[in-house]
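**Student:** I have a structure here, written as structure tokens, and I will follow up with some questions on it.
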Amino acid sequence: MALPKSTLDQLKIEAGETFRIADHHPDWLPEQVRDLSKEERKERAEQMLAANKVELAEAQELLYADGRHSVLIVFQAMDAAGKDGTISHVMSGVNPQGCSVASFKVPSAVEWSHNYLWRYSNALPARGMIGIFNRSYYEEVLVVKVHPELLDKANLPPSARHKRIWEHRYEDINNFEQHLTRNGTTILKFFLNVSKDEQRDRFLDRLDHPEKNWKFSSSDIVERGYWDDYMSAFEEAINATSTAWAPWYVIPADRKWAMRAVVSDIITTTITSLDLEYPELPESEVAKLGEAKAALLAEKSG
């Protein structure tokens, strides 16, 4: 049911590879389903998603029991690309006790007063846990780069605001992620690549249906006006931060069903490939288990 590694590798940006958004089509489909009808494609994707949910739930239980690793999943995208829905669908089978989701909005005054990685550091998953960042520290080289006036709120010293600030932030992020991976955190980074036309259609859908109006904000239209600036910022950030220890995956997002199936496959494949095992009890504890079983059986027979 899983996609071949060669197919998933098409979506992975290798360290040193030159990434251009124009080369990654938002409506891309795996070769295995291109000749199928729309209905057959969706059915295949739903089957894959369902199978991955079961496998992911089992892998997450083992991750929790093993207790030596953690997994950080980062989602970045333009508005209406489907971050919330993807998280909901892909992770719906996971035990909530072993998973956390952090959604980062506009920083508070306290958060502005710290270094820009501070609030993200506080939300990192503990060992044995899966942590999901709905937007992340990459906002600091995306939104802030498109709107550099936001740096005024950080009250940085003059020496920290210079023409190489973005280069320094890419370096900071790479070092931060390498530190995490060296200490047992596996990082998966997804850029959900939605087209401008598809974003427009999804915005219109939110406006046309009263039950979806709450999803729309007037700021969505304002940010849409910076589309080209954001695409440039994404390209530069991905090129600078897709590393051997924390590569980016560029996921076609115009078809939600395909996007969710591919993301679930990458997450499941990655976690199941970790060196995980259930902990072995010392002989003294194994003996106690035998005693406990005998006591329970005695209760039953009595």
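**Student:** Can you tell me the order of 33-40, 61-68, 48-55 when each peptide is scored by its average per-residue count of other Cβ atoms within 10 angstrom, highest first?
**Tutor:** Values: 33-40: 10.8, 61-68: 16.5, 48-55: 18.8.
Going from most to least packed, we get 48-55, 61-68, 33-40.
**Student:** With the chain treated as a Gaussian network of Cα nodes joined by springs under 10 Å, which of Trp214, Trp118, Trp257 yields the largest mean-square fluctuation?
**Tutor:** Among Trp214, Trp118, Trp257, the largest GNM mean-square fluctuation belongs to Trp214.
**Student:** I would also like to ask the following. Note the listed values (i) 0.94; (ii) 1.03; (iii) 0.98, then indicate which one is Rg/Rh (Cα atoms, Kirkwood Rh) calculated from this particular structure.
**Tutor:** (ii)
**Student:** Here's something else I'd like to know. Which one of Leu151, Ala287, Ala50 has its Cα pushed farthest toward the positive end of the charge dipole of the chain, where Lys and Arg give +1 and Asp and Glu give -1 at the Cβ?
**Tutor:** Leu151
**Student:** Using only helices, what value at 222 nm comes out for the chain when you add -39,500 (n - 2.57) per DSSP H run of length 4 or more and divide by the total residues, to the nearest 500 deg cm²/dmol?
**Tutor:** -15000 deg cm²/dmol, from helical runs alone.
**Student:** Beta carbons within 10 angstrom, averaged per residue: use that to sort the peptides 221-232, 76-87, highest first.
**Tutor:** Details: 221-232: 13.4, 76-87: 20.7.
In descending order of packing, they fall as 76-87, 221-232.
**Student:** Filter the cross-link list Lys105/Lys256; Lys12/Lys256; Lys12/Lys212 down to pairs whose alpha-carbon distance in this structure exceeds 25 Å.
**Tutor:** Beyond 25 Å between Cα atoms: Lys12/Lys212.
**Student:** If the cut-off is 17 Å between C-alpha atoms, which aspartates and glutamates fall inside it for Lys196, apart from same-chain ones fewer than 8 positions away?
**Tutor:** Asp23, Asp27, Asp79, Asp205, Asp220, Glu223, Asp228, Asp229, Glu235, Asp254
**Student:** Rounding to the nearest 20 debye, state how big the charge dipole of the chain is about its Cα centre with +1 on each Lys and Arg Cβ and -1 on each Asp and Glu Cβ.
**Tutor:** Numbers: 36 positive and 47 negative charges, 106 e Å.
That gives the chain a dipole magnitude of about 500 debye.
**Student:** On a 0 to 90° scale, report how tilted helix 283-301 is relative to the longest principal axis of the chain, with both axes built from alpha carbons and the result rounded to the nearest 10.
**Tutor:** 70 degrees
**Student:** Among rounded, prolate and oblate, which fits the range 82-150 when a ≥ b ≥ c are the square roots of the eigenvalues of its C-alpha gyration tensor, a/c under 1.5 means rounded, and a/b larger than b/c means prolate?
**Tutor:** oblate
Read the figures in this text as sums done on the coordinates, not as results from a lab. What you see is a predicted model, and the numbers here were worked out from it, not measured in a lab. Cβ: placed from backbone, ideal geometry, glycine included. Neighbour counts: every protein chain shown.
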